[in-house]
1. What residue, of Ile102, Ile106, Ile98, is buried (at least 16 other Cβ atoms within 10 Å of the Cβ) and in a strand (DSSP E or B)?
2. In segment 4-30, what count of residues is obtained for those that are farther than 16 Å from Met191 by Cβ and surrounded by fewer than 21 Cβ atoms within 10 Å (Cβ to Cβ)?
3. Are there any strands (runs of 3 or more DSSP E) wholly within segment 132-235 with 2 or more residues that are within 16 Å of the ligand (Cβ to nearest atom) and surrounded by fewer than 17 Cβ atoms within 10 Å (Cβ to Cβ), and if so which?
4. Whether any residue in segment 68-87 is of a type in the set (A, V, I, L, M) and modelled with pLDDT of 95 or more is what I want to check.
5. Report, ordered by the first and then the second residue, all pairs with beta carbons closer than 7 Å, sequence separation of six or more or different chains, a first member in segment 117-135 that is closer than 14 Å to Lys70 by Cβ, and a second member that is surrounded by fewer than 17 Cβ atoms within 10 Å (Cβ to Cβ) and among the charged types (D, E, K, R).
6. Among all residue pairs at least 6 apart or on different chains, which show Cβ distances below 6 Å where the first residue, located in segment 13-27, is in the same structural domain as Leu192 (by TED's automatic domain parsing) and the second is hydroxyl-bearing (Ser, Thr, Tyr) and buried (at least 19 other Cβ atoms within 10 Å of the Cβ)?
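The values are calculated or read from the model by the stated rules, or taken from the named source; none is laboratory data. Since we're looking at a predicted model, the values are computed, not measured. Positions of Cβ are backbone-derived with ideal geometry, glycine not excepted, and every protein chain shown enters the neighbour counts.
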Amino acid sequence: MTSPSTSISDVVRLLSASKLAVAFTGAGISTESGVPDFRSPGGVWSRYQPVYYHDFLASEAARRQYWRMKKEGYRELKDAKPNNGHHALAALEAAGKIVAVITQNIDGLHQDAGSRRVLELHGTSRYCICLQCSARYEGDLIYQRLEAGIEIPLCDQCGGLIKSATISFGQALPVDVLTEAFDLSMHTDLMLAIGSSLAVEPAASLPLQAKQNGAHLVIINRTETPLDGLADVVIREPIGESLAKVARELGHEIR
Ligand code: ZN
């Protein structure tokens with residue numbers, strides 16, 4: 001097997017030839033917007049023990065800790081703006097060069113950049129939901145309450161437990177989103193895996209499935225991934241800059 005290309009022009013060539021390209025993104029695309037990777041040293045998970053879904057339901061202490069973490073996470077997210085990477089993917093979608101973005105991120109920055117078909121595998125921090133009556137609340141509203149000193153917000157309608165619409169440990173990934181993501185991976189002819197270490201499931205499976213079904217695979221990530229050996233192109237340059245270059249060469253100026 002030949003080693004993968006490291007050239008942006010090969011990404012451009014593959015995208016031009018592709019009929020059904022899909023982007024798959026992880027934390028790395030948002031770190032360039034100042035959103036810390038919660039898995040990395042200094043991230044929220046290195047400072048707090050994550051709260052499992054079961055414990056959230058069962059224990060008031062766990063809920064208090066959950067919301068303390070969320071409050072901190074929200075402070076890190078609230079001023080984040082999409083960067084060139086997000087903008088480039090939105091431009092490529094608008095131009096019909098990619099059909100969807102599958103993301104592990106919960107920050108909503110793809111939508112802020114204008115991406116329309118965004119599959120959020122781990123949910124979103126943009127709203128909260130009542131586990132009892134399914135009432136939806138803007139994330140901002142709930143976080144204002146946290147900042148005002150409420151430790152465990154409850155539903156205005158029914159008094160039930162509210163939880164962020166992000167997926168917790170021990171909580172199933174949303175089946176409809178997951179099904180659509182695997183369906184896209186099965187049928188895509190080009191997957192761009194961007195800013196993900198491709199180490200956690202289902203992150204690792206989606207590009208692998210694409211590759212096994214004959215798609216080309218491009219990996220853009222700062223560090224090595226376990227799938228680099230399978231990829232057609234591996235780019236280890238900054239993501240925003242790389243994607244902006246790709247978009248520009250396809251005729252879409254970013255900024
Ligand atoms: Zn409710």
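1. Ile102
2. Residues of segment 4-30 farther than 16 Å from Met191 by Cβ: 6-9, 27, 30.
Then drop every residue that is not surrounded by fewer than 21 Cβ atoms within 10 Å (Cβ to Cβ), which leaves 6-9.
So the answer is 4.
3. 136-138
4. no
5. Matching pairs, first to second residue: Tyr127/Arg136; Tyr127/Glu138; Ile129/Arg136.
6. Leu20/Thr188; Val22/Thr188; Thr25/Thr103; Gly26/Ser196
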